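The values are calculated or read from the model by the stated rules, or taken from the named source; none is laboratory data. None of these values were measured; they are calculated from a predicted model. Please note: Cβ atoms are built from the backbone with ideal geometry, for glycine as well, and neighbour counts cover all protein chains shown. To get the accessible areas, we keep the full protein, side chains included, count just its heavy atoms, and leave off ligands, DNA and RNA. Shrake-Rupley method; radii C 1.70, N 1.55, O 1.52, S 1.80 Å.
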Amino acid sequence: MKIFIMRHGEASHMASSDAERHLTMRGRLESLSVVKDVFDHKLTVDKVLVSPYIRAGETWEEISSHISCSNVEKCEDVTPYGQADKVYDYVMALIETENLESVFIVSHLPLVGYMASEFITDMAPPMFPTSGLVCIEFDPETETGQLLFKHHP
């Protein structure tokens with residue numbers, strides 16, 4: 001199965017709280033550019049998990065025209081303060097209960113790096129620039145994964 005992990009685009013620092021930060025125009029353009037660079041055609045995935053923070057939602061809005069999915073969930077576990085092991089367990093449960101073949105996650109630092117290393121156990125958590133995207137080929141039976149690609153603006 002494929003697991004896509006994307007960090008939100010560049011966000012403004014001006015907001016009343018971290019959760020309320022909006023994407024900059026650059027953040028919108030770079031997020032869209034990354035997805036267009038990587039996928040020649042519209043990508044179809046089984047499930048999308050998006051942080052409820054505004055900048056993650058806006059990132060999903062920007063890229064969603066290039067990713068087909070009817071199963072999009074705002075997920076409190078993928079905020080910047082989420083726990084990678086809990087996200088891993090949740091995704092494993094979703095794989096089993098929903099019979100998923102692909103998951104796309106839009107999240108934040110530092111969680112994105114820790115999530116990648118949960119699915120690829122021999123990899124140190126990679127740094128993710130804003131709008132950074134990784135694709136992992138993951139075998140749920142053996143719980144092993146390998147990095148297929150990493151792309152950023």
*Just to be sure, is K42 touching a strand residue (DSSP E or B) at 6+ places or on another chain (Cβ under 6 Å), at pLDDT below 95 and surrounded by fewer than 19 Cβ atoms within 10 Å (Cβ to Cβ)?*
yes
*Residues of the range 130-153 being open to solvent by less than 50 Å² (accessible area, probe 1.4 Å) and either within 30 Å of E20 (Cα to Cα) or of a type in the set (S, T, N, Q) (or both), which ones?*
T130, S131, G132, L133, V134, C135, I136
*Can you name every residue in the range 84-116 that is within 17 Å of E141 (Cα to Cα) and among the polar types (S, T, N, Q)?*
T97, N99, S102
*Can you pull out the residues in the range 98-129 that are open to solvent by less than 60 Å² (accessible area, probe 1.4 Å), in contact with a helix residue (DSSP H, G or I) (Cβ under 6 Å, 6 or more places away or on another chain) and part of a loop (DSSP other than H, G, I, E, B)?*
L100, M123, P126, F128
*asked:* Which of the numbered conditions does M14 fail, given that it passes all the others? Conditions: (1) more than 28 Å from F138 (Cβ to Cβ); (2) at pLDDT 95 or above; (3) aliphatic (A, V, I, L, M).
replied: (2)
*Give the range 50-81 a look and list any residue that's farther than 22 Å from S16 by Cα, open to solvent by less than 60 Å² (accessible area, probe 1.4 Å) and part of a loop (DSSP other than H, G, I, E, B), or say none.*
C69, N71
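Conditions (1) under 13 Å from R7 (Cβ atoms); (2) small (G, A, S), marked per residue:
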{"position": "S68", "(1), (2)": "no, yes"}
{"position": "K74", "(1), (2)": "no, no"}
{"position": "Y81", "(1), (2)": "no, no"}
{"position": "Y90", "(1), (2)": "no, no"}
{"position": "A116", "(1), (2)": "yes, yes"}
{"position": "P125", "(1), (2)": "yes, no"}
{"position": "C135", "(1), (2)": "no, no"}
{"position": "P153", "(1), (2)": "yes, no"}
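Could you list all residues from the range 17-38 that are open to solvent by 30 Å² or more (accessible area, probe 1.4 Å) and either touching a residue at least 60 places away in the same chain (Cβ under 8 Å) or of a type in the set (F, W, Y) (or both)?
Within the range 17-38, the first condition is being open to solvent by 30 Å² or more (accessible area, probe 1.4 Å), and the residues that meet it are 17-22, 24-26, 28-30, 32-33, 36-38.
Answer for the range 17-38, where residues must be open to solvent by 30 Å² or more (accessible area, probe 1.4 Å) and either touching a residue at least 60 places away in the same chain (Cβ under 8 Å) or of a type in the set (F, W, Y) (or both): D18, A19, E30, S33, D37, V38.
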*Taking the range 82-97, which residues are without any contact (Cβ under 8 Å) to a residue 12 or more places away in the chain and either open to solvent by less than 10 Å² (accessible area, probe 1.4 Å) or of a type in the set (A, V, I, L, M, F, W, C) (or both)?*
A93
